[in-house]
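Comments concern the structure below.
The values are calculated or read from the model by the stated rules, or taken from the named source; none is laboratory data. Quick caveat: nothing in here was measured; it's all calculated off a predicted structure. So basically every Cβ, Gly included, is an ideal-geometry build from the backbone, and we count neighbours across all protein chains shown. Heads up: the accessible areas ignore ligands, DNA and RNA and are worked out on the full protein's heavy atoms, side chains in. Shrake-Rupley method; radii C 1.70, N 1.55, O 1.52, S 1.80 Å.
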Amino acid sequence: ILEDMGLMVDRVEDGVQCVSRMEQKPAGTYDLILMDIQMPIMNGYEAAAKIRRIDDRKKADIPIIALTANAFSEDKDNAIKAGMNDHVPKPIDMNVLLPAMQKLITGK
């Protein structure tokens, strides 16, 4: 859906690959991370926490939106505690996701 909208998307299979990609790519390569919570090897909470600890502040401060089927308030709290900026429940409603993305990328 995002690619059909003209956005550039880079996908990884798990949290380890996400953290590795963030460490390897130059700062500014990505504007935002959509982070699934339930991933193999390393879940989204752990991956977000590791990204927040990257030495390069531009990389560490990238906006992260949690995507999860768990839509309880405690799930949103867990995402924020892990260092994510927002939480969007699945199934994804583009009328919810797109404004959240825009707000984090543009500040508006």
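Taken one residue at a time, the phi angles of region 101-106 give Karplus couplings (6.51, -1.76, 1.60, θ = phi - 60°) of 5, 4, 4, 6, 7, 9 Hz. Gly and Pro are set to x. Of the peptides 27-39, 92-104, the ranking by mean beta-carbon count within 10 Å, highest at the top, reads 27-39, 92-104. Ranking SER73, SER20 by solvent-accessible area of protein heavy atoms (1.4 Å probe, all protein chains present), from largest to smallest, gives SER73, SER20. Here the chain is assigned +1 on the Cβ of each Lys and Arg and -1 on the Cβ of each Asp and Glu. Its dipole about the Cα centre then comes out at about 380 debye.
Note that the chain presents 64 Å² accessible area per residue, ligands and nucleic acids not counted, probe 1.4 Å. Which of the trypsin sites (Lys or Arg not before Pro) found in region 1-87 are in a DSSP loop and have at most 13 neighbouring Cβ atoms, other than their own, within 10 Å? The qualifying sites are ARG11, ARG53. May I ask for the net charge around GLN102, where only other residues with Cβ less than 13 Å from the Cβ of GLN102 are counted and Lys, Arg are +1 while Asp, Glu are -1? Once all neighbours under 13 Å are counted, the net charge is 0. The alpha carbon convex hull volume per residue for region 1-99 rounds to 98 Å³. Backbone N atoms of region 29-51 closer than 13 Å to the 7 Å Cα→Cβ label point of GLN17 belong to residues 36, 39-42. Selection among GLY107, HIS87, VAL16 by position relative to the dipole of the chain gives GLY107 as farthest towards the positive end (Cβ unit charges, Cα centre). On the chain, 50 percent of the accessible area sits on carbon and sulfur atoms, based on a 1.4 Å probe. Shown in residue order for region 93-99 are the 3J(HN,Hα) couplings computed by the Karplus curve 6.51 cos²θ - 1.76 cosθ + 1.60 at θ = phi - 60°: 9, 4, 6, 9, 5, 4, x Hz (x for Gly and Pro).
A straight Cα-to-Cα reach below 26 Å connects LYS108 with the lysines LYS58, LYS59, LYS76, LYS81, LYS90, residues fewer than 8 places away in its own chain not being considered.
Counted by Cβ distance under 10 Å from MET22, the other residues give a net charge of +2, where Lys and Arg count +1 and Asp and Glu count -1. What you get for region 15-78, charging only the Cβ of Lys and Arg (+1) and of Asp and Glu (-1), is a dipole of about 280 debye around the Cα centre.
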